[in-house]
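Asks: Take a look at the following structure, please.
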Amino acid sequence: MLKLHRRQLLLSCVCAGGACLASKLVGAQQGNATQRGAFICATLEPPLQQSGLRFEPFNAETGPVTLSPFAAERLTNEFRFTPFGLASARDRWMPSDGLTPSGKVTLSVFFLNGTSQEHNQCIRAASEWLRDGVDAYLDFSWNVLSKDKVDPKDAHIRVRFGHGGNWSLIGRNALGKTNRDEPTMNIADVVDNIIMHEFGHALGLRHEHQHPTGGIKWAERAVINAMAKEDPPWSEEYTRANVFTRYDTATQCIGDPEFNDHSLMMYPIPKEWTVDQYSATPSPSITPRDRRCVRGLYAL
């Protein structure tokens, strides 16, 4: 078998399997929360409804698309809270997707709005993924750089800054976003760790808390009650599916298969959320193990 790849209160990010959407931290520690990376990201394309994901495919030329039951089930299974540090081969970008089909995967990034300062910070932070040998397999092309002229209709990743939370579609799921005027990523809080986090999703990576060997002993009722206070609130069913469910061992990242509770994408877990007082604080930046996961995924 091929293995592939707080609420004290915290900045809560809901992402979709397809995307990652954040709600603001409140409380005494709000001032520096985004700098610490204290947020939760669910891999589900926004808007997130109380009853769960609502996915409405739309074709720019023909309008709303009616899905077959099989396709609808597949999308529901893909666009859900999923683990970073784990990655599925179906989510990684293929050489044929990139700007250089015969070489490394080069992903074009188009900024739909934003200031030059926001653009430069995004470029700098996202490019941190290209260290430790990842650049042998991956590269970015940016529309705001003179040498990189990217048309929005050809862009793999379309970034919007501003309201709408922090979220990103997962890997090549972005190809399904056929309206080229709409983002595949939104950055509401322009800070390095959030930009890095969302570009991790854009490269095909998911969340670590559902790692098959993580062994987190959740205090389920405490988590369910906490997430019910989110805006919008999470239903118990949604929380169970997106927080407590573990993935099969076949999804372990080939580049770094072990559980990494210091990953940039690990959930910030307060001790009140676990029965054994276990807690986790994610790294404020990309770790070498995070990059090993990406490198392993794209070296296949």
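We did not get these values from a lab; they are worked out from the coordinates using the rules stated. Nothing here was measured: the structure is a model prediction, and the numbers come from that model. Cβ placement follows ideal geometry from the backbone for every residue including glycine, while neighbour counts extend to all protein chains displayed.
Asks: Condition check: within 21 Å of MET94 (Cα to Cα) and outside any helix (DSSP H, G or I). Does VAL190 satisfy that? Break it down stepwise before answering.
Replies: On the way: within 21 Å of MET94 (Cα to Cα): no; outside any helix (DSSP H, G or I): yes.
No, not satisfied.
Asks: Additional query: So how many residues does the stretch 228-262 have that are among the small types (Gly, Ala, Ser), in contact with a Lys or Arg (Cβ under 7 Å, 6 or more places away or on another chain) and part of a loop (DSSP other than H, G, I, E, B)?
Replies: Start the filter on the stretch 228-262 by keeping residues that are among the small types (Gly, Ala, Ser), which leaves 228, 235, 241, 250, 255.
From the residues that got through so far, the ones that are in contact with a Lys or Arg (Cβ under 7 Å, 6 or more places away or on another chain) too are 241, 250, 255.
In the following step, the residues that additionally are part of a loop (DSSP other than H, G, I, E, B) were identified as 255.
Counting residues in the stretch 228-262 that are among the small types (Gly, Ala, Ser), in contact with a Lys or Arg (Cβ under 7 Å, 6 or more places away or on another chain) and part of a loop (DSSP other than H, G, I, E, B) gives 1.
Asks: Those residues that are hydroxyl-bearing (Ser, Thr, Tyr) and buried (at least 19 other Cβ atoms within 10 Å of the Cβ), I need them from the stretch 96-122; list them, please.
Replies: To start, the set of residues in the stretch 96-122 that are hydroxyl-bearing (Ser, Thr, Tyr) comprises 96, 100, 102, 106, 108, 115-116.
Within the stretch 96-122, SER108 is the sole residue that qualifies.
Asks: If you don't mind, there's one more thing I want to ask. Yes or no: the stretch 287-297 includes at least one residue that is surrounded by fewer than 23 Cβ atoms within 10 Å (Cβ to Cβ), in a helix (DSSP H, G or I), in contact with a Phe, Trp or Tyr (Cβ under 6 Å, 6 or more places away or on another chain) and not small (Gly, Ala, Ser).
Replies: Checking the stretch 287-297: not a single residue is surrounded by fewer than 23 Cβ atoms within 10 Å (Cβ to Cβ), in a helix (DSSP H, G or I), in contact with a Phe, Trp or Tyr (Cβ under 6 Å, 6 or more places away or on another chain) and not small (Gly, Ala, Ser).
Asks: Being within 19 Å of LEU130 (Cα to Cα), within 18 Å of the chain's Cα centre (by Cα) and either β-branched (Val, Ile, Thr) or surrounded by 19 or more Cβ atoms within 10 Å (Cβ to Cβ) (or both) is the requirement here; does GLY171 meet it?
Replies: On the way: within 19 Å of LEU130 (Cα to Cα): yes; within 18 Å of the chain's Cα centre (by Cα): yes; either β-branched (Val, Ile, Thr) or surrounded by 19 or more Cβ atoms within 10 Å (Cβ to Cβ) (or both): yes.
Yes.
Asks: When TYR247 is evaluated against the numbered criteria (1) out of contact with any strand residue (DSSP E or B) (no Cβ under 7 Å at 6 or more places or on another chain); (2) surrounded by 14 or more Cβ atoms within 10 Å (Cβ to Cβ); (3) farther than 23 Å from ILE194 by Cα, which criterion, by number, is the only one it fails?
Replies: (1) is the only condition that TYR247 fails.
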